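Have a look at the structure below before the remarks.
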Amino acid sequence: NPLVPIFLIGLLCFALWMSAPQIRVWMLADHHTGQSPLAVTLVSGDTAHLDAGSAIHDDTDGPKRAITVLRGASYFTVASDERPFSVEIGDLTVTALGTEFETAFLKGDIYIAVVEGRVAVQHDASRVELGAGDLLVWRDIGNQTVLSVDETHVAPWRDDNLIVEDM
């Protein structure tokens, strides 16, 4: 039957189309996790702690130290270096000004929490600076909010902790 090869090709194309985001992450990721968090020393000597189900692309060996968060949550400890350290997450670029901070994708929103030092967050022409104890919530719909956060509540998954409030 001449329709069988056409059906099989169509089925293969549909399967590839449905798995495209996962394939893209798998192809671009230099570091990724399964069901457990993982601490990674980046090429630059900086440290990235990846939460379960997270993936990043490491481009820190050039004139600029650049990370792209492809999926999940990551906590960065930035080493002292004259080269700038930046993290791209969604449409935002986070530039460390000597610091420790977390980035996370959660239900389409982006969260950036600073534990130590400062970061500059850039989106198109707008820029906001965050210091220790600040949490930026960047909503999928485009608005942003800066809140205070208890620094002990930032990236609790690094120590296998779960924090529940108002339950």
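Worth pointing out:
- Residue in segment 32-65 that is least open to solvent (accessible area, probe 1.4 Å), counting only those that are over 16 Å from VAL87 (Cα atoms), in contact with a strand residue (DSSP E or B) (Cβ under 8 Å, 6 or more places away or on another chain) and of a type in the set (Gly, Ala, Ser): GLY53
- Filter result for ALA29 (under 26 Å from ASP160 (Cβ atoms), open to solvent by less than 40 Å² (accessible area, probe 1.4 Å), in contact (Cβ under 8 Å) with a residue 12 or more places away in the chain and in contact with a helix residue (DSSP H, G or I) (Cβ under 6 Å, 6 or more places away or on another chain)): no
- Residue list for segment 66-93, restricted to those being open to solvent by 40 Å² or more (accessible area, probe 1.4 Å), hydroxyl-bearing (Ser, Thr, Tyr) and either outside any strand (DSSP E or B) or without any contact (Cβ under 8 Å) to a residue 24 or more places away in the chain (or both): SER80
- Subset of segment 111-150 [of a type in the set (Val, Ile, Thr) and open to solvent by less than 10 Å² (accessible area, probe 1.4 Å)]: ILE112, VAL114, VAL119, VAL121, VAL137
- Lone unmet requirement of (1) open to solvent by 30 Å² or more (accessible area, probe 1.4 Å); (2) assigned to a strand (DSSP E or B) for LEU162: (2)
The values are calculated or read from the model by the stated rules, or taken from the named source; none is laboratory data. Since the model is a prediction, treat every value here as computed from it, not as a measurement. So basically every Cβ, Gly included, is an ideal-geometry build from the backbone, and we count neighbours across all protein chains shown. Only protein heavy atoms, including side chains, enter the accessible area calculation; ligands, DNA and RNA are left aside. Shrake-Rupley method; radii C 1.70, N 1.55, O 1.52, S 1.80 Å.
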